[in-house]
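Derivation of every value follows stated rules applied to the coordinates shown; laboratory data play no part. Just so it is clear, the model here is predicted, and its values are computed rather than measured. Virtual Cβ from ideal backbone geometry, glycine too; neighbours counted across all protein chains shown.
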């Protein structure tokens, strides 16, 4: 028994549609099999692209049905000559994501990522600006006083998103004071500080600032 041309055409169409459905399903499965991220890393001061920046994505995953408190590496890559990076990692359940960037003579950055942004299957874009590294070194000197003499010091504008100089009083009490305090700051910035002294019955307070040159240590001696 022979089929007519209409039957053959219908069968061919059904087969074609079936193949297309399978192909689309395969593409969707392929698309959803991984997460992707891309972006650009630049200098925070002049927006210059930064090359060979290490970029790492870390995930907080489910372990034995429980979200763990520790992070594991999901992706590690580096920026190209244009400061751009991209990468992907296998899809899985996680509680949190963060991206870390590191480059010599720059202050490392850590940014929490929006996990919901990865659910659409699209590549998530995350641009990052890194600050130049610098150091401030302050030496405090006081000689020939009394054991009750006191010197207190604090930064006033050390608002940095890193393990760097921070605001908060530091106090030394002694007849002889010779101590040096060094910490990391964003480069090419004015760092304001305040000093209070109590020597005998005399109290004094003054405010000053120090300019911290990028990629260098700026030192100052404060003597009373």
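Each Cα pair under 8 Å and six or more residues apart adds its sequence gap; the mean of these over the residue count of the stretch 91-224 is a relative contact order of 27 percent. Over the stretch 175-219, Cα pairs under 8 Å with separation of 6+ residues give a relative contact order of 37 percent.
The calculated FRET efficiency for residue 146 paired with residue 207, based on their beta-carbon distance and R0 = 22 Å, is about 0.30. For the stretch 70-214, the Kirkwood hydrodynamic radius comes to 18.9 Å, computed from all pairs of different C-alpha atoms. Sorting 162, 212 from the fewest to the most surrounding beta carbons within 10 angstrom yields 162, 212.
Would you mind telling me the antiparallel percentage of the DSSP bridges in the stretch 60-144, rounded to 5? Percentage antiparallel, nearest 5: 100.
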